[in-house]
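In what follows, a single structure is set out as structure tokens and then discussed.
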Amino acid sequence: MPTISSKGKKMPESPIRKLVPYAENAKKRGIELYHLNIGQPDIKTPEVALNAIKNNTINVLAYSRSEGSEVYREKIANYYKKNNIHVTSNDIIVTTGGSEALLFAMGTIADAGDEIIIPEPFYANYNGFSTASGVTIVPVISKIEDNFALPPIEAFEKLISPKTKAILICNPGNPTGYLYSKEEIEKLAKIVKKHDLFLIADEVYREFVYDDAKHYSVLNGFGLEDNAIIIDSVSKRYSMCGARIGCLVSKNKEVIATAMKFAQARLSPPTFAQIASEAALDTPQSYFDEVITEYKERRDTLIAALSTIEGVKIASPKGAFYCVVELPIDNADNFAQWMLEEFSLNNKTVMVAPAAGFYSTKGIGTKQIRIAYVLNKKDLIEAVQILKEALKAYQQSH
């Protein structure tokens, strides 16, 4: 019998998708589901992007350049300039989603056994990317009591070893919605320069900031030209998750040259998706103004509804469209599965993402869930009411 690789066995399951079979069974039983588990926006994809595909007259669907089309990269560079990020098309490699950009980044800067420090909780797939790359994640724990703010710099210093290659942040954060302040980015800039590390910033939710807050990119003048690597994506910005287009951005020429070799090995990013993504860059500001207003209202609606549930702790997000909630139960994995298998209210139930999968430290986050507020306000209110009744029933039966 042939054997599976130890790397394959270590690859973690997605905490977001592992409950899908239970959800499918619930649907087969006629139960209506509110999906609070996955960051799939219900916002319409910009017409300009869809029309670029519909009205295209390509006769041969050819390879694009490994680094992505030059016209598209030029337009991305112009987009960044509007955000005070001064890069050229030569500092950008177009990738198949932000996921591939992160894999390229890890492959470029780290060897097997090297370490990357990440504040946790973090985007669950960082666990998968690090396992695939042979990289060890060293977590530094941020706490719900502090609204998941950046842990003290001393906590980072203690974890730096000769194997440390980078610090990785998600800003604004998935799953927390935390938005790093200018002072926090300055602290990280100081430490990575002091220890000759890279600072990888997953900035795919850059536009999604609320309460008149400001997003600070790692390339917003912090002197990190040699250290900073940005991971970006069109998925959430333009509600184009299925396009699978992202990019890796760095002013470090050696990083770009090395990542380019990984890009050449997979030939090229998808041509049609680049055409749509290029067109999406012409999306008017009014689109974003409406989307941000909608998400802020959804966030406020969600937090107000959750606040009526006794015993919950809520982290108030300043960005992205996620919220981490600590429930008055022992195990959120069991509760999430129970809601799909055994509970319904008026023939409806809720699917959530247990938050333990967003940590790499075992035993932490077991009472927490991540909620993606990607539903309309009416559905959010009803979903939280179902969650409230489910908690009562679960506490009585367990």
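The values are calculated or read from the model by the stated rules, or taken from the named source; none is laboratory data. Fair warning: this is a prediction, and the values are worked out from it, not measured in the lab. Cβ sites come from the backbone with ideal geometry, for glycine too, and all protein chains shown count toward neighbours. We work out accessible area using only protein heavy atoms, side chains counted, and drop any ligands, DNA or RNA first. Shrake-Rupley method; radii C 1.70, N 1.55, O 1.52, S 1.80 Å.
Students often get this wrong, so check it: of K194/K214; K318/K362; K158/K193; K236/K296; K27/K367, which have C-alpha atoms separated by over 20 Å? The partial results should precede the final answer.
On the way: K194/K214 26 Å; K318/K362 27 Å; K158/K193 16 Å; K236/K296 15 Å; K27/K367 26 Å.
Long pairs (Cα-Cα over 20 Å): K194/K214; K318/K362; K27/K367.
Give me the accessible area per residue for the chain, probe 1.4 Å, as a whole number in Å².
Ligands and nucleic acids excluded, the figure is 44 Å² per residue.
Near P15, within a Cβ-to-Cβ distance under 10 Å, what is the net charge of the other residues, with Lys and Arg +1 and Asp and Glu -1?
Details: positive: R17, K18, R370; negative: E13, D333.
Once all neighbours under 10 Å are counted, the net charge is +1.
³J(HN,Hα) across the stretch 343-354 via Karplus (A = 6.51, B = -1.76, C = 1.60, θ = phi - 60°), whole Hz, x for Gly/Pro?
Ordered by residue, 3J(HN,Hα) equals 10, 7, 10, 6, 6, 10, 9, 10, 10, 10, 9, x Hz.
State the Cα centre-to-centre distance between the stretch 156-195 and the stretch 252-311 in whole Å.
The stretch 156-195 and the stretch 252-311 have Cα centres separated by 21 Å.
Averaging sequence separations of C-alpha pairs under 8 Å and six or more residues apart, then dividing by the length of the stretch 292-395, give the relative contact order as a whole percent. List each step's numbers first, then the result.
Values: 145 pairs, mean separation 33.9, N = 104.
Relative contact order comes out at 33 percent.
Give me the distance in nm between label points sitting 7 Å out from Cα along the Cα-to-Cβ direction at T361 and K18, one decimal.
Each label point lies 7 Å from its Cα, and together they span 1.9 nm.
Indicate, rounded to the nearest 5 percent, the antiparallel portion of the DSSP beta bridges found entirely in the chain.
Numbers: 19 of 41 bridges.
Percentage antiparallel, nearest 5: 45.
Near the amide H of S142, under 5 Å away, which other amide H atoms are found, from residues 5 or more places off or on another chain, if H is placed in the peptide plane?
E120
Among A304, A213, I200, whose Cα projects farthest towards the positive end of the dipole of the chain, with charges put on the beta-carbon of Lys, Arg (+1) and Asp, Glu (-1)?
Farthest along the dipole direction, towards plus: I200.
Specify whether the C-alpha gyration tensor of the stretch 50-184 places it in the rounded, prolate or oblate class, a ≥ b ≥ c being the square roots of the eigenvalues: rounded for a/c under 1.5, otherwise prolate if a/b is larger than b/c and oblate if not.
Working: a/c = 2.27, a/b = 1.75, b/c = 1.30.
It is prolate, given that a/c is not under 1.5 and a/b is the larger ratio.
Given a Förster distance of 41 Å, report the FRET efficiency between I4 and H195 from their Cβ-Cβ distance, rounded to the nearest 0.05.
0.65
So what J values fall out for the stretch 140-156 if you push phi through Karplus, 6.51 cos²θ - 1.76 cosθ + 1.60 with θ = phi - 60°, rounded to Hz, Gly and Pro as x?
So the Karplus estimates, Gly and Pro as x, are 10, 7, 9, 10, 4, 5, 9, 6, 6, 5, 4, x, x, 4, 4, 5, 5 Hz.
For a quick protection proxy, order the peptides 295-305, 158-168, 238-248 by their average other-Cβ count within 10 Å, most packed first. Provide the component values of the computation, followed by the final result.
On the way: 295-305: 18.5, 158-168: 16.5, 238-248: 22.9.
My ranking of the peptides, most packed first, is 238-248, 295-305, 158-168.
Whole angstrom only: what separates the Cα centroid of the stretch 338-398 from the Cα centroid of the stretch 22-55?
Between the Cα centres of the stretch 338-398 and the stretch 22-55 lies a distance of 19 Å.
Apply the Karplus curve 6.51 cos²θ - 1.76 cosθ + 1.60, θ = phi - 60°, to the phi angles in the stretch 174-186 and return the couplings in whole Hz, x for Gly and Pro.
After applying 6.51 cos²θ - 1.76 cosθ + 1.60, I find 10, x, 8, x, 6, 10, 6, 7, 4, 5, 5, 5, 4 Hz.
Run through every distinct alpha carbon pair of the stretch 86-165 and return the Kirkwood hydrodynamic radius in angstroms, one decimal place. List each step's numbers first, then the result.
Working: mean 1/r = 0.0709 Å⁻¹.
When all Cα pairs of the stretch 86-165 are included, the Kirkwood radius is 14.1 Å.
Using helices alone, what [θ] at 222 nm do you get for the chain, with -39,500 (n - 2.57) per DSSP H run of 4 or more residues, divided over all residues and rounded to the nearest 500?
Numbers: 13 runs with 153 residues, N = 398.
It lands at -12000 deg cm²/dmol.
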